[in-house]
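Worksheet for the structure shown next.
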Amino acid sequence: MAKKTPTKFSFFSPLYSLLTITMTLSQIHSLTHENDIHSLQEIVHGIDPNSISPSSYINSWDFTVDPCHSTGSQFLGILCDLPLDNSSSRVTAIDLDGIGYEGFLTPVIGNLTELTILNLNNNKFRGPIPETIGNLRKLTRLTFSDNFFTGGIPQEIIELKRLEYLDLSANRLSGTIPSNMTGLRSLTYLSLSNNNFSGRVQNLTGLWNLNTLDISYNQFFGNLPNLPVSLRNIYLSHNIFSGDITPLKDLIHVRWLDISDNRLSGVIRRDILSLRFVSHLNVSYNRFTSINVVNGQGQGQRLRLLEAQANNLKGHLPVNLVTFTNLTIINLSNNQLHGPIPKEYGLKLRTTWRRLYLDHNFLTGNLPLELTHKSTNFKGSFANNCLNCPTNVGVCRGGQRPATECTGQHNL
């Protein structure tokens, strides 16, 4: 009987090759943290396969290789840290392509505790935002805009103390703004626009680093909230805010202010118009009854655009608008303004003003002489007033009010 000799492994033997491959795969799959791999797999399982196109990022997620140590064509949209020691790599960013993935965001997302960026914009994720989002305490950027998320903002969002950028716009979210959100002191950008939020907006001055606030196209009501003085861009349009605009007078850094399409009333205050850095101001489609314009000469105002159409403005056209040296676009149409067009307006229309809309008021008298020159290069409309307005002049096209509507309008 032949004596058996112990098996010896050769570098070229099939058994050695098999063991080597097995050990290598084991090492590969241990490079990225196990919880992170599982979380990525669950994200894929929550997406309808029919919405994953061959060219999509998700289609490149090949779990036969390591997510953090794959080639450039695999695991698109994923970033990882690469530790210098022997610890496992962690996923630090998910930045999906916006091609219309359909499905739900798994609560397991909360296990990716090293995430700093989570971007799911321009897809079709639906259902609630998982409460486990509060576990992602290193997040600096969270963007879920243009999806179908429903429900409210999870209270757990207060745990994201490092969050700087939050965009939940264009979803189907509802409820109120959580009272604890003012604890997100690192926020510089907040957009909740185009949702179904409602209720009163609390004092937001705690967000003292905030530069941009967009809560437009919702159903917020009540008085305007107190806002952080750091704000530069404010979008509160298309809500149901009422009362006056006093809370805005101390926003000394604001540059773009849109409070259109609400139920605000009273006076368009001089201290709002005179905010030094405001370049775009839209107060249209409200219930303001007067506009108080002070002489802006020498005060350094940067106002370029004033939209105040469709209010209840009464009185004469404000002459002091001509003292705002950067102003180029004015819209005061669809109000109840009366009296003549100031002669000072004519000079501005020949020089720096590019658009002037005064239609649908009760203005009277003749056009400024400068408007009769063919070289005048501006756009606008003076139609539907009580003016002596020749139809061969472009701004007069559309005609004027009948005399019966103009009688007694000087008493407005």
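The values are calculated or read from the model by the stated rules, or taken from the named source; none is laboratory data. Bear in mind that the values here come from a model prediction, so they are computed numbers and not experimental data. Quick reminder, even Gly has a Cβ in these numbers, built from the backbone with ideal geometry, and neighbours come from all protein chains shown.
Could you list, in sequence order, the residues of segment 245-296 that are out of contact with any strand residue (DSSP E or B) (no Cβ under 8 Å at 6 or more places or on another chain) and among the basic types (K, R)?
K249, R269, R270, R276
Inspect all residues belonging to segment 234-241 and state whether any of them is modelled with pLDDT of 95 or more, of a type in the set (F, W, Y) and more than 26 Å from N209 (Cα to Cα).
There is no residue in segment 234-241 that is modelled with pLDDT of 95 or more, of a type in the set (F, W, Y) and more than 26 Å from N209 (Cα to Cα).
Of the numbered conditions (1) within 25 Å of the chain's Cα centre (by Cα); (2) within 19 Å of P247 (Cα to Cα); (3) assigned to a loop (DSSP other than H, G, I, E, B), R302 fails exactly one; give the number of that condition.
(2)
What are the pairs with Cβ atoms under 7 angstrom where one residue, in segment 93-114, is under 15 Å from S56 (Cα atoms) and the other, located anywhere, is hydroxyl-bearing (S, T, Y)? Sequence gap at least six, or different chains.
L96/Y57; D97/S56; D97/Y57; I99/S53; I99/S56; G100/S51; Y101/S51; E102/S51
Please specify each residue of segment 209-239 satisfying the condition of being closer than 17 Å to R185 by Cβ, among the hydroxyl-bearing types (S, T, Y) and not in a loop (DSSP other than H, G, I, E, B).
T212
Residues in segment 58-78: is at least one in a strand (DSSP E or B), within 26 Å of the chain's Cα centre (by Cα) and modelled with pLDDT of 95 or more?
Yes.
On the given criteria, is G398 in contact (Cβ under 8 Å) with a residue 12 or more places away in the chain and either assigned to a loop (DSSP other than H, G, I, E, B) or of a type in the set (A, V, I, L, M, F, W, C) (or both)?
yes
Taking the criterion of being at positive phi, surrounded by 15 or more Cβ atoms within 10 Å (Cβ to Cβ) and over 37 Å from the mean Cα position of the chain (by Cα), would at least one residue in segment 351-365 satisfy it?
no
For T328, only one of the following conditions fails: (1) at pLDDT below 95; (2) hydroxyl-bearing (S, T, Y); (3) within 37 Å of the chain's Cα centre (by Cα). What is its number?
Every listed condition holds for T328 apart from (1).
In this structure, is I252 at pLDDT below 95 and outside any loop (DSSP other than H, G, I, E, B)?
So I252 fails the test.
Would you call V91 hydrophobic (A, V, I, L, M, F, W, C), farther than 20 Å from S186 by Cβ and either in a strand (DSSP E or B) or touching a strand residue (DSSP E or B) at 6+ places or on another chain (Cβ under 7 Å) (or both)?
Answer is yes for this residue.
Pick from T143, T188: which is within 28 Å of C68 (Cβ to Cβ), under 17 Å from the mean Cα position of the chain (by Cα) and of a type in the set (V, I, T)?
T143
So which residues in segment 182-192 are surrounded by fewer than 22 Cβ atoms within 10 Å (Cβ to Cβ), over 10 Å from L163 (Cβ atoms) and not hydroxyl-bearing (S, T, Y)?
Selection gives G183 alone.
May I ask you to say which residue of V319, V294 is farther than 23 Å from G408 by Cα and in contact (Cβ under 8 Å) with a residue 24 or more places away in the chain?
Just a single option satisfies the conditions, and that option is V294.
Applying the selection to segment 366-380, what residues are surrounded by 17 or more Cβ atoms within 10 Å (Cβ to Cβ) and not in a helix (DSSP H, G or I)?
Correct list: L367, P368, F378, G380.
Could you please let me know if L264 is crowded, with 16+ Cβ neighbours inside 10 Å, of a type in the set (A, V, I, L, M, F, W, C), closer than 25 Å to N218 by Cβ and more than 18 Å from the chain's Cα centre (by Cα)?
yes
Is there a residue in segment 282-292 that is part of a strand (DSSP E or B), among the hydroxyl-bearing types (S, T, Y) and either buried (at least 21 other Cβ atoms within 10 Å of the Cβ) or in contact with a Lys or Arg (Cβ under 8 Å, 6 or more places away or on another chain) (or both)?
yes
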